[in-house]
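The values are calculated or read from the model by the stated rules, or taken from the named source; none is laboratory data. Here the structure is a predicted model, which is why all the values come from computation and not from measurement. Glycine also receives a Cβ, built like all others from the backbone with ideal geometry; neighbour counts cover every protein chain displayed. To get the accessible areas, we keep the full protein, side chains included, count just its heavy atoms, and leave off ligands, DNA and RNA. Shrake-Rupley method; radii C 1.70, N 1.55, O 1.52, S 1.80 Å.
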Amino acid sequence: MGRVPGLRHSHFRNALIFGENVENIAFTGAGTIDGDNNLITGDPSQGQADKALSLKYCRNLRFQDITFRQGGHFAILINGCVGVQMHNTKILSADDRDAFNIINTSNVEIANSRIEASDDAVVFKSDYALGRTFTTENAIVRDSTILSTENNALQFGSETCGNFHNIQLRNLTVTGAGKAGIGMVSMDGATIEDITYDNIKLSKTAWAIFMHIGKRSRCPGNPPAGKIRNVTLKNITGTNLTTPRDVAGDDEYSATITGRTDSAIENVTLENVNMNFPGGHPASDANRVPPENSTAYPPRTFGVRPAYAFWVRHAKGIKFLNSTVEFQKSDGRPVFLANDTTGVVIDGVTMERSTGSWDVTFQKSIGQQVVNSGNPRVRVQ
C-alpha cells in the first residue's frame, strides 16, 4: 500500500480554532475570523497554524452571516461531521490556499455564499485521516459564487477512500478556476454517483469540465479502481474558458471525461450545455493521444486534447443533448472525439464546424448516435 491519503489533513490542532466531538456549534454575526497573515500555507512548525477552523467529529454545525479571511492552507477543514449549514458566508482566501474542505461529511447545505480560494474552493473529499472510511451523501451547494484562482472551483477528490452519492450543485456562478470549474476524480477506489449540476455559469476556467478515474492504491486493502456514474449536468454555460491566473501547464484545455479500461465512466448526461471554447489549435493536434495515467490527477497531465470541445475516453452511456458548442478562434480538431466508448449519443447539438476534416470522431467505439445535429462530418475508426 502506498501513502495513505489524508495525512496532510490529519493535523487537526494546527488551527486558529479547533474542535473535536462537538455539537450544536454556530459561527454567526457580521464579524470576521481573520488569519491576518499569521496562518501559513506550508508545513507548520511548532507554534504555527495553517488553518482558520478545524473540526472533527462534529454535529449540527452552522455558519451564518460571517466572513473568513486569509485562512492559511485550509480556511475551513471539517472531517467526520454530520449536519452542516452555511448561509450568507464569505470565505476570502484567493491568495492563500483551500477555502472549504468537506471531508467524510454528510447532510450539508451551502447557500447564498461567496467562496474564494487559490487552491480548491468547495471540495468534497473522503480520506483515511480518521482511521476508517465514510460515505459522503446528501449535500447541496446552491445560489453562490465560487472562485479558485489556481485550482478547482467545484471539486470531488482527489482523496477518495469512501463513496459519494446524492449531491447537488445548483444555481452557481464560477468566476474562475486555474484547473477545473467542474472537477471530479476518483483516485482511491471510491464510487461517485448520483451527482447533479444544474444552472452553473462558468467563466475564466482552464477546464470547464474534468472527470477522471485513476488508481493510486493509497487506501487500506489496495482497493480496485473506483467508479464515476449517474452524473447529470444541465443548463451549463461556459465563456472565456481560460485560466484566471498563470498556472502550470497551458492556459486552456478541452472538457474531458476519461475513465479506465477496467472502470469506464458511466451514464453521464449533458443537457442544454452551451460552451464557447478558446480554440486556435491546428488540425495536427487531432492526432494527439493523451497518455494513460493511473496515479496523476491534475487535468494538465493529459496535455492538449485531440478535440476542441469534448474528449471522451473509456466511457459508456455518455449523452450530449440539446446543446451548443462554439469556439472563439478557428480550430482544426474535431468538436467531439470519443475513444473506447459504448453508446455515446449526440442529439440536438449545434456545433461550430472544425476547420479540419472532421467534426466528430469515434475511435474503437460502438453503439454511437449522432442525430438532429445538422450535418456534421463524422469519422469512425
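Odds and ends about this structure:
- Top-ranked residue of the stretch 116-155 - restricted to ones that are of a type in the set (A, V, I, L, M, F, W, C) and closer than 21 Å to F12 by Cα, ranked as surrounded by the fewest Cβ atoms within 10 Å (Cβ to Cβ): L130
- Extreme residue, farthest from I236 (Cα to Cα), among residues of the stretch 322-361 that are of a type in the set (D, E), out of contact with any Gly (no Cβ under 7 Å at 6 or more places or on another chain) and in contact (Cβ under 8 Å) with a residue 40 or more places away in the chain: D340
- For C58, the criteria (1) over 23 Å from the mean Cα position of the chain (by Cα); (2) open to solvent by 20 Å² or more (accessible area, probe 1.4 Å) hold in every case but one, which is (2).
- Count of the stretch 325-361 residues which are on the phi > 0 side of the Ramachandran plot and not acidic (D, E): 2
- Scanning the stretch 117-156 for residues that are outside any strand (DSSP E or B) and β-branched (V, I, T) gives T133, T135, T149.
- Annotation: of all residues in the stretch 157-168 being of a type outside the set (A, V, I, L, M, F, W, C) and not in a strand (DSSP E or B), the one that is least open to solvent (accessible area, probe 1.4 Å) is G162.
- Number of residues in the stretch 46-105 that are among the charged types (D, E, K, R), over 14 Å from V122 (Cα atoms) and touching a His at 6+ places or on another chain (Cβ under 7 Å) equals 2.
- Scan of the stretch 339-373 for residues that are more than 27 Å from the chain's Cα centre (by Cα) and either under 18 Å from N267 (Cβ atoms) or modelled with pLDDT under 95 (or both), ordered by number: I366, G367, Q369
- Of the candidates T205, T232, T243, T173, the single residue that is touching a Gly at 6+ places or on another chain (Cβ under 6 Å), surrounded by fewer than 24 Cβ atoms within 10 Å (Cβ to Cβ) and of a type in the set (V, I, T) is T243.
- Any hit, the stretch 282-298, residues being in a strand (DSSP E or B) and either closer than 21 Å to P334 by Cβ or open to solvent by less than 20 Å² (accessible area, probe 1.4 Å) (or both): no
- Scanning the stretch 59-98 for residues that are in contact (Cβ under 8 Å) with a residue 40 or more places away in the chain and aliphatic (A, V, I, L, M) turns up A75, L77, A94.
- Only residues that are surrounded by fewer than 21 Cβ atoms within 10 Å (Cβ to Cβ), farther than 18 Å from F277 by Cα and touching a Gly at 6+ places or on another chain (Cβ under 9 Å) were counted across the stretch 176-202, and they come to 1.
- One residue stands out in the stretch 212-255 among those that are farther than 19 Å from Y197 by Cβ, touching a Ser or Thr at 6+ places or on another chain (Cβ under 8 Å) and basic (K, R): the one that is modelled with the lowest pLDDT, namely R216.
- Note on the stretch 69-99: among residues that are assigned to a strand (DSSP E or B) and of a type in the set (G, A, S), the one that is surrounded by the fewest Cβ atoms within 10 Å (Cβ to Cβ) is G83.
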